[in-house]
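Presented below is the structure to which this report refers.
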Amino acid sequence: MAGNLELLSVYLSGQSEPCPACRYDLRDLRGRTCPECGERLRLAVGLVEPKLGTFLVGVVGLAVAVGFVGLGFLFVAIEVLAGRLKPSNLSLAEPQMLIAYLALLFSSLGLFAWLRHYRRLRRKSDGVRWTYAVLCWVPALITLALESVLEL
Ligand SMILES: [Zn+2]
């Protein structure tokens, strides 16, 4: 069976195809690196429709929650380390803090699961995928609502 380099050369023989990195025309390329940008190339099979919409909606929703709550905790830690906030003044056991801990926990676990298992979900119907993608925004909406109520 022909190797990937040989198949790549056959595919590009007499055919214009832009380099995925720099858009340089790879027509009649003989090697496996782009002569313009030096990136290594390979011939691959791709999906006609990668269904990235629901994947991105889910990732962004979970990342917003992780980033928002995580930055809040990071800000408090910096204030404590800089001596501008005393640890004894922190109300770490109040209900809103418990909600923030849970939001951070669930959004972190959700982000990990989303990145790890999305391939299985992409085989499901559009309705199932969009339901999960919208659910990924629940922790972010809870934390944003909590922050606006508390005016933190
Ligand atoms: Zn290139």
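Every read-out reported here was derived from the displayed coordinates using simple, explicitly stated rules and does not represent laboratory data. It should be emphasised that the depicted structure is a prediction, and the values quoted were computed from it without experimental measurement. Quick reminder, even Gly has a Cβ in these numbers, built from the backbone with ideal geometry, and neighbours come from all protein chains shown.
Please work out how much length the chain gains when fully extended from Y24 to V45, using 0.36 nm per residue of separation minus the C-alpha to C-alpha distance, in nm with one decimal.
Result for the pair: 5.5 nm of gain on full extension.
Above 14 angstrom, tally the Cα pairs of region 1-45 and express them as a % of all pairs, no decimals.
Of all Cα-Cα distances in region 1-45, 41 percent exceed 14 Å.
Give the peptides 29-42, 96-109, 56-69 in descending order of average Cβ contacts within 10 Å, highest first.
Working: 29-42: 13.1, 96-109: 16.6, 56-69: 19.3.
Going by the mean number of other Cβ atoms within 10 Å, highest first, we get 56-69, 96-109, 29-42.
Using the Karplus curve 6.51 cos²θ - 1.76 cosθ + 1.60 with θ = phi - 60°, what ³J(HN,Hα) values do you get for each residue of region 88-98, in whole Hz, with x for Gly and Pro?
3J(HN,Hα) across region 88-98, in whole Hz: 5, 7, 6, 10, 6, 10, 6, x, 5, 6, 5.
Each residue of region 70-75 in turn: what ³J(HN,Hα) in whole Hz from Karplus with 6.51, -1.76, 1.60 and θ = phi - 60°, glycine and Pro shown as x?
Along region 70-75, the couplings run x, 5, x, 5, 5, 4 Hz.
Assuming a viscosity of 0.692 mPa s and a temperature of 37 °C, what translational diffusion coefficient in µm² per second does Stokes-Einstein assign to the chain, Rh being the Kirkwood radius over Cα pairs?
Answer, rounded: 168 µm²/s.
Can you figure out the FRET efficiency of K86 with V128, using R₀ = 35 Å and their beta-carbon distance, to the nearest 0.05?
Computed FRET efficiency for K86 and V128: 0.10.
Enumerate the calculated ³J(HN,Hα) couplings along region 32-47 in order (Karplus 6.51 cos²θ - 1.76 cosθ + 1.60, θ = phi - 60°), each rounded to whole Hz, writing x wherever the residue is Gly or Pro.
Couplings: 10, 10, 5, x, 8, 10, x, 6, 6, 10, 8, 8, 9, 9, x, 7 Hz.
Can you tell me the length gained on complete extension of the stretch E147 to L102, counting 0.36 nm per residue apart and subtracting the Cα distance?
14.8 nm
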